[in-house]
Each structure stands twice: as C-alpha cells, then as structure tokens.
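A quick write-up on the structure given underneath.
The values are calculated or read from the model by the stated rules, or taken from the named source; none is laboratory data. Everything quoted here is computed from the prediction, not taken from an experiment. Cβ: placed from backbone, ideal geometry, glycine included. Neighbour counts: every protein chain shown.
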Amino acid sequence: MDVNGDGVLDVLSGSYSRQDKDMAGLFQVLHGEKGGTYRKAEVLNGSDGQPLLLPGGEGDGADISRICTRAFACDLNGDGKLDLVAGNFGGTFCWFAGEGPGKFAPKATWLKAGGEDMKVEMHSDPCLVDWDKDGDLDLVSGSSSGGAFLFVNEGSKTEPKFGAMQTLVKASGGHGMVLGGDDAAMPEVTFGDAHLKGPGDDTRVWVDDVNGDGKLDLLVGDMVTLVHTAKGVDEKTAREKLAAWQKKQQAFFKQPPPEGEAGQQKWQKEYEALEKEKEAFAKDEMTGHVWLYLRK
Amino acid sequence: MVTLTLFVPLILAAPQGPQFEAPVRMKAGDAFVACEAPGFACPTWHDVDGDGKKDLAVGQFKDGKIKVYKNTGDGKLATGEWLLAGKKPAEIPGVW
C-alpha cells in the first residue's frame, strides 16, 4: 500500500513491542523507492510527530492491548484519506483516522460491534475488504487459535457499523502444536507434514480474487510445529522413544522451581541436555505455511 | 448408539462453511511456501514488481523479513526472494 501517497508502493507492518514498560508496539514502514527497492524500516509517527501507539488501559504497567500485531491501511470512513486499522495481542481492533497522505491522528478509537469492542480470541489481524460487495469495507481477521473471522459492515461506506463476528474458517483447535500438554492430553505424534490438511494456529489472513474468477478468495498464513524423525531412525522407533522421552520431560517440569542463580543455571543445563537427548530420534521444526481457500 | 451412527455421516457431510473449496497449501516452484522458524506466515497478494500480475508476499516472525513469490502468470509462483532494503533483506524490528 502507498502509505505516504507518493505513488510508490510501501510496506506497512505492525511490530510487537518496543520493549518499554507498557509493551506498546510500533508501526513500521518500508518506504518504496522508484526502481522497486525499499528504504530501511522507519517508525510511523502520528500527525503530532510522535510514534503512533495503540491506546492503553489504565495504569502504567504492561498492557496487552498496546502490543501491536498487524496494521492495515485503508479508507475506512470513506473520506478519501487513508486510515490505519490495527490489531493487538488482546484481540481487539483500533482505528487511527487518516489526515492526508502519510498522516494519521495520534489518538485511536476502538472498533465496536453491537456496542462492544470487536474481538477475536487473541492476536487480532485486520484485513479490510468489501467481502459482501455492498460498497463498504468489512473486516476479516485471523487469530491466535487459528481460523478466519468476518465482521460485516452493516453501516455504510462513510459510517461503518460492524455486526457480530462470523466464522469463515474454524479455528484449528491447537493442531499447530504437535507436542505438548500434560499426561492426559499428550497427543500421538504424526511425523512429517503430509498430514496437514489446513492452517494451524496464529493465522494471518488476506482477501483477494486470487484465481481471477471474480470471487474473493482467502489466503491464510499460519504457524505449525512439525516433528521429523532423525536421520536413520524409522517412525516406529522414533515414536516409542519419543513417548518415553515425553514422560521424562513431564517429570522434569514437575520438579519444584529452581531457586537462586545457581539453581536456575543447573535447571537450564538439565533442560538443554533433555532437549539434546531427543535430537537422537526426533527433531521439531517450527514453520509457517500459506493456505488458499478458493471461494465456491 | 444407533442414533449416533445415523447422525455422524450427516454431520460430516454438512458443509463447514458455504463459501470455500478445501484449502490448498500454496507452492512456489516445487516446494511449499514456508517461513523460517518459528513461522508465523503473514500473506499479502499484491503486484509487488509492477508487471500487472499480483504476487504473493509473505512476512515472517524471524527478523521481520518478507519473501516475495512472483506470479509467473501460469497459475504458479516462482521461488521466493527476500524483499530488499538497499542490497540486504529488509528487516522490520520487533515483528510478531
């Protein structure tokens, strides 16, 4: 998107946190240059010259509503100026009104649905598009638990009013993490990635007509943890050894918490040794894929 | 028990959502589009290179880098290349 209105494509991104006490995140822009290259990331300021920040609650401690996940530039209120809609750790959405090319109001307002803050579970991920083709912008979002969700704009192009959340793609239910949990919940591992049939957790969405058939499709990015067998180890052996190792891991975490610096160092060494032990028969791979949902 | 047996196929046959075909994991070249660890793929469909065809750009957690998969125009994507700032892969600090 062309954030500063100079006719050259820019890249707009949220960034999680500036690691200050309130954990507020920043907005970053890679300004495009003619010739297709980009400048280094620059913090996006509000029209008051200060970095744009998500509004926080009361108090001066860490506030998950200020941790920025994803930013999206669009003309939400139809005034011809590019606005900014942002998601956060807490799962809500806020709107910075545009004040002309590259300028945004310093203070944001939370987007509402039915009088309440619009919200997905956590890690809101706004992508605005005229989903129902009625001339105004609707909001589609991923979430920390996966899936894709739609808030239809039931107002107008100039006075957006969002309806209740609808599910476009069900949340994955945590299948992004193959390992983990306590004794009762430990799932049997599936090696490799051939078993993947859809997105995992922590989804990020984009909407466009990808195949050119005139219908809006959905792109969904995700996070998934895969488990591979170590070189030379067959699946049966790896599965047996992994089951035994998981019991050791669970016993390890049931120990009383370490005390003092020496105790923490000992705990850390033992933990690293345990992880190293697993590498002899299985290896985790954290990655993310992109899934295409073509509209029927 | 009989009731369950009768109803399970009906539930499975019901459409999960009315509007989509089954999801397809996107490929670029012969490989799946994939992020570096720890993942967190954030896709965008946009004409990045200005050739009139929309490309796939995927942001990731690690170093806040973005990989661009050019649309080759035959329904396929080329192998990804990092989006550059100057001559180095662009990095966005503090990205989730």
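On the given criteria, is residue A:239 facing chain B (nearest Cβ under 8 Å) and not aliphatic (A, V, I, L, M)? Considered against the rule, which asks whether it is facing chain B (nearest Cβ under 8 Å) and not aliphatic (A, V, I, L, M), residue A:239 comes out as no.
Would you please name the residue that is surrounded by the fewest Cβ atoms within 10 Å (Cβ to Cβ), looking only at residues in region A:90-112 that are in contact with a Gly (Cβ under 9 Å, 6 or more places away or on another chain) and of a type in the set (Phe, Trp, Tyr)? This residue is A:104. The number of residues in region A:192-207 that are part of a loop (DSSP other than H, G, I, E, B) and within 14 Å of residue A:286 (Cβ to Cβ) comes to 3. Annotation: residue B:54 fulfils all but one of (1) within 15 Å of the chain's Cα centre (by Cα); (2) farther than 17 Å from residue A:2 by Cα; the unmet one is (2).
Pairs linking a residue in region B:19-46 that is more than 7 Å from every other protein chain (Cβ to nearest Cβ) to a residue that is part of a strand (DSSP E or B) and among the small types (Gly, Ala, Ser), with Cβ atoms under 7 Å and 6 or more positions apart or on different chains, are B:46/B:57. Note on region A:208-241: among residues that are of a type in the set (A, V, I, L, M) and assigned to a loop (DSSP other than H, G, I, E, B), the one that is farthest from residue A:130 (Cα to Cα) is A:233.
Any idea which residue in region A:246-259 is nearest to residue A:290 (Cα to Cα), counting only those that are surrounded by fewer than 18 Cβ atoms within 10 Å (Cβ to Cβ) and at pLDDT 90 or above? Per the stated criteria, the residue is A:246. For the condition closer than 28 Å to residue B:75 by Cβ, modelled with pLDDT of 95 or more and touching a strand residue (DSSP E or B) at 6+ places or on another chain (Cβ under 8 Å), residue A:222 qualifies. Somewhere in region A:15-25, is a residue under 20 Å from the mean Cα position of the chain (by Cα), under 19 Å from residue A:85 (Cα atoms) and modelled with pLDDT of 95 or more? No, the conditions are met nowhere in region A:15-25.
State yes or no: is residue A:292 buried (at least 18 other Cβ atoms within 10 Å of the Cβ), of a type outside the set (Gly, Ala, Ser), touching a strand residue (DSSP E or B) at 6+ places or on another chain (Cβ under 9 Å) and within 14 Å of chain B (Cβ to nearest Cβ)? Taking the combined requirement at face value, the residue satisfies it.
Okay, residues lined up against (1) in contact with a helix residue (DSSP H, G or I) (Cβ under 8 Å, 6 or more places away or on another chain); (2) not in a strand (DSSP E or B):
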site	(1), (2)
A:35	no, yes
A:49	no, yes
A:53	yes, yes
A:56	yes, yes
A:77	no, yes
A:86	no, no
A:90	yes, yes
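Every residue, every condition in (1) at pLDDT below 95; (2) closer than 22 Å to residue A:32 by Cα; (3) not in a loop (DSSP other than H, G, I, E, B), yes or no:
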site	(1), (2), (3)
B:4	yes, no, yes
B:9	yes, no, yes
B:12	yes, no, yes
B:17	yes, no, no
B:36	no, no, no
B:45	no, yes, yes
B:50	yes, yes, no
B:56	no, yes, yes
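With respect to (1) modelled with pLDDT of 95 or more; (2) within 30 Å of residue B:75 (Cα to Cα), the lone exception for residue A:228 is condition (2). Residues of region B:78-96 that are more than 10 Å from chain A (Cβ to nearest Cβ) and either of a type in the set (A, V, I, L, M) or farther than 14 Å from residue A:41 by Cα (or both): B:78, B:79, B:80, B:81, B:82. The one condition from (1) more than 18 Å from the chain's Cα centre (by Cα); (2) within 12 Å of chain B (Cβ to nearest Cβ); (3) closer than 25 Å to residue B:50 by Cβ that residue A:70 does not meet is (1).
Across region B:56-96, the qualifying residues are those that are among the acidic types (Asp, Glu) and under 23 Å from residue A:15 (Cβ atoms), and the one among them that is surrounded by the most Cβ atoms within 10 Å (Cβ to Cβ) is B:91. Just checking, does region A:30-39 include any residue being more than 23 Å from residue A:131 (Cβ to Cβ), within 12 Å of chain B (Cβ to nearest Cβ), of a type in the set (Val, Ile, Thr) and surrounded by 19 or more Cβ atoms within 10 Å (Cβ to Cβ)? No, because not a single residue in region A:30-39 is more than 23 Å from residue A:131 (Cβ to Cβ), within 12 Å of chain B (Cβ to nearest Cβ), of a type in the set (Val, Ile, Thr) and surrounded by 19 or more Cβ atoms within 10 Å (Cβ to Cβ).
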